[in-house]
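Just below is one structure, and these are the notes that go with it.
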Amino acid sequence: MAEIKTVGIVGAGQMGSGIAHVCALAGYDVRLNDLDPDRVKEGLLQIERNMVRQVSRGLITPEAMEAGLKRISATSDLAEIGQSDLAIEAATENEEIKKAIFKSLHPYLKPDTLLASNTSSISITRLASSTDRPERFIGLHFMNPVPLMKLVEIIRGIATDVGTYETAVTFARSLGKTTANAEDFPAFIVNRVLVPMINEAIYTLYEGVGTVEAIDTAMKLGANHPMGPLELGDFIGLDTILSIMNVLHDGLADSKYRPCPLLVKYVEAGWLGKKVGRGFYDYRGDTPVPTR
């Protein structure tokens with residue numbers, strides 16, 4: 001098994017910054033990169049805000065926070081990411097973008113660097129085949145928000161070797177996470193079950209069976225879900241929901257995975273959810289208001 005001391009992360013959005021957060025607290029030196037320098041700055045600020053919240057709740061000590069923040073460095077140089085022991089791609093859920101990142105990293109990789117993708121739906125085998133080391137490539141699907149959610153799905157591609165898998169499991173568990181092995185099929189386990197449920201909730205709205213408020217209230221109180229499916233879709237990002245549904249529909253060729261036309265309309269309108277201030281709810285006021 002490889003020894004991991006440094007972790008490079010490409011993508012400083014919600015997922016990338018969350019992964020950096022937990023890695024730093026676990027004692028790893030972290031290098032955080034993004035094409036947009038402003039996103040790296042915002043990611044670092046978000047990490048600090050989240051750690052302050054953890055301190056206030058007694059989840060970590062002020063000393064742990066201070067040490068963790070010192071372990072994270074921003075870099076615009078992919079060479080620094082490539083020289084890490086483990087390089088994790090945490091970009092948007094788009095296969096071509098992810099492959100382009102791995103190709104850009106290729107000239108800078110150490111011979112023993114492990115590669116991982118945080119994809120929530122895309123084939124690990126296909127992503128790995130675009131690199132020079134498919135045997136050292138693995139899927140590490142963290143859940144959002146990373147500091148709070150306990151699960152990491154571990155997904156092997158067809159060429160992933162045993163040592164890479166064992167190293168990935170050990171690494172994820174060192175972050176205080178529980179691991180679940182998922183086979184390399186579209187959307188793996190969590191999103192294979194969760195995202196079609198959200199899509200079905202959108203169909204329920206589209207067909208007039210219930211309003212936004214009624215659907216979310218029904219699932220929270222009738223199924224004991226902590227968050228309604230439409231609210232959850234907004235939290236995840238409706239563009240991500242649509243991407244995963246397209247992966248399921250294309251990969252499994254089953255009409256039950258057809259994205260709801262209303263979901264497509266919301267994404268076309270740019271109403272992507274909480275991150276832009278409007279989705280199935282409008283978040284621009286003091287209280288979220290249903291948009292339908």
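Each value in this text was obtained by applying a stated rule to the coordinates, not by laboratory testing. Quick caveat: nothing in here was measured; it's all calculated off a predicted structure. Neighbour counts are summed over all protein chains in view; Cβ atoms, including those assigned to glycine, are modelled from backbone coordinates with ideal geometry.
Here are some notes:
- Of the GluC sites (Glu not before Pro) found in the stretch 193-222, those in coil by DSSP whose Cβ has at most 14 other Cβ atoms within 10 Å are GLU207.
- With contacts taken as Cα pairs under 8 Å and at least 6 residues apart, the chain reaches a relative contact order of 14 percent.
- The modelled label-to-label distance between ASN144 and ASP29, using points 7 Å beyond Cα along the C-beta direction, is 3.1 nm.
- The charge dipole of the stretch 1-137, taken about its Cα centre with unit charges on the Cβ of Lys, Arg, Asp and Glu (plus for the first two, minus for the last two), comes to roughly 180 debye.
- In units of the rule-of-thumb radius 2.2 N^0.38 Å, the chain shows an alpha carbon radius of gyration of 1.01.
- Computed E for ASP254/THR291 - FRET, C-beta separation, R0 41 angstrom, nearest 0.05: 0.90
- Derived from the Cα gyration tensor, the three semi-axes of the equivalent ellipsoid of the stretch 135-203 are 24, 16, 7 Å, largest first.
- Ordering LEU109, VAL146, TRP271 by Cα displacement along the dipole of the chain toward the positive end leaves VAL146 in first place; charges were set at the Cβ atoms of Lys, Arg (+1) and Asp, Glu (-1).
- Inter-site label distance for SER129 and GLU268 at 7 Å from Cα along Cβ, in nm: 3.2 nm
- Residues with amide H under 5 Å from that of LEU272, placed H, sequence gap 5 or more: ARG278
- Point-to-point label distance, ALA79-THR92, nm (Cα→Cβ direction, 7 Å offset): 2.9 nm
- For the stretch 169-176, 3J(HN,Hα) computed residue by residue from phi via the Karplus equation (6.51, -1.76, 1.60; θ = phi - 60°) reads 5, 4, 4, 4, 5, 5, 8, x Hz, glycine and proline entered as x.
- Estimated FRET transfer efficiency (HIS106, GLU3; beta-carbon r; R0 22 Å; 0.05): 0.45
- Residue order for TYR206, TYR108, fewest other beta carbons within 10 angstrom first, comes to TYR206, TYR108.
- Ordering of 239-247, 32-40 by packing is 239-247, 32-40, highest average first (other Cβ atoms within 10 Å, averaged per residue).
- Whole-Å semi-axes of the ellipsoid equivalent to the stretch 192-290 (Cα gyration tensor, √5λ, descending): 21, 16, 11
- Binning the C-alpha pair distances of the stretch 250-292 at 10 Å intervals from 0 yields a P(r) profile of 28, 39, 23, 10, 1 %, listed from the shortest bin outward.
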